[in-house]
Structures are given as C-alpha cells and as structure tokens.
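Report on the following structure.
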C-alpha cells in the first residue's frame, strides 16, 4: 500500500492550482486518484485549492460514491488520507492508484463501466 500524500504528490498538485482546469469537466486530467479497494468510492483529484496553515490539504475534483451518486466539488485530502473503511470488523485505509497517470476523469470512469 502506497502512502497517500507524499512530497511528490503535493509538489505535483502545486503545479495544478484551483481553477487551472476550469471548463475541462470530465476531460480534466486526474492528478491523484484515491479509491476504496473494498467497495464503492472513487476520488479523482484534478487541482489543489489550498494548503492551510494547519497542514490541511484542500483539493478540487470529482467524487463517485457508488456509480449513482457522483459530483464535482472540494475534497479534503488530509481527511481522506485518514479515512478508514470497515472490512468485516477491521478498519482499512483507502488507497492511491499509482497507474493512472495522464488519464482523464472520463477515462477512469469508463474503466469502471461508468459513462460520464
């Protein structure tokens, strides 16, 4: 399992500030792809909104909760990195996809059978 927020991840996000991909919608390239390997949930981060004084990292992107509930909006990457999901009574972390570089929201959603 890869560490979710590395120095490299943060440095790359800084190259894509909030609104830098405005108007691209589903064709925006995903910079960080977080997923629940045990069930539903994909967080496709496209831009960095801000890094707050307390270290909290706020991003913008597309969240697909269960293939029926999906939306664009703000994502607290710090909180997401600490989120645990229950797998048969065991708390497990979400994971960062490492092999999605250069893919758009549309391409990643298509891989999962979700047409956008």
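Structure data summary
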quantity	calculated
Pair list, Cβ under 7 Å, 6 or more apart: segment 83-108 residue on the phi > 0 side of the Ramachandran plot and part of a strand (DSSP E or B), other residue exposed (fewer than 15 other Cβ atoms within 10 Å of the Cβ) and modelled with pLDDT of 95 or more	none
Pair list, Cβ < 8 Å and 6+ apart or interchain, from segment 35-56 residues that are over 29 Å from residue 67 (Cβ atoms) to residues that are in a loop (DSSP other than H, G, I, E, B)	50/18
Residue in segment 6-13 that is surrounded by 18 or more Cβ atoms within 10 Å (Cβ to Cβ), part of a loop (DSSP other than H, G, I, E, B) and in contact (Cβ under 8 Å) with a residue 24 or more places away in the chain present	no
Hits in segment 14-23 - residues which are without any contact (Cβ under 8 Å) to a residue 40 or more places away in the chain and surrounded by 14 or more Cβ atoms within 10 Å (Cβ to Cβ)	16, 21
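The values are calculated or read from the model by the stated rules, or taken from the named source; none is laboratory data. Just so you know, these numbers come straight off a predicted model, no measurement behind them. Heads up, the Cβs are rebuilt from the backbone with ideal geometry, glycines too, and the neighbour counts pull from every protein chain shown.
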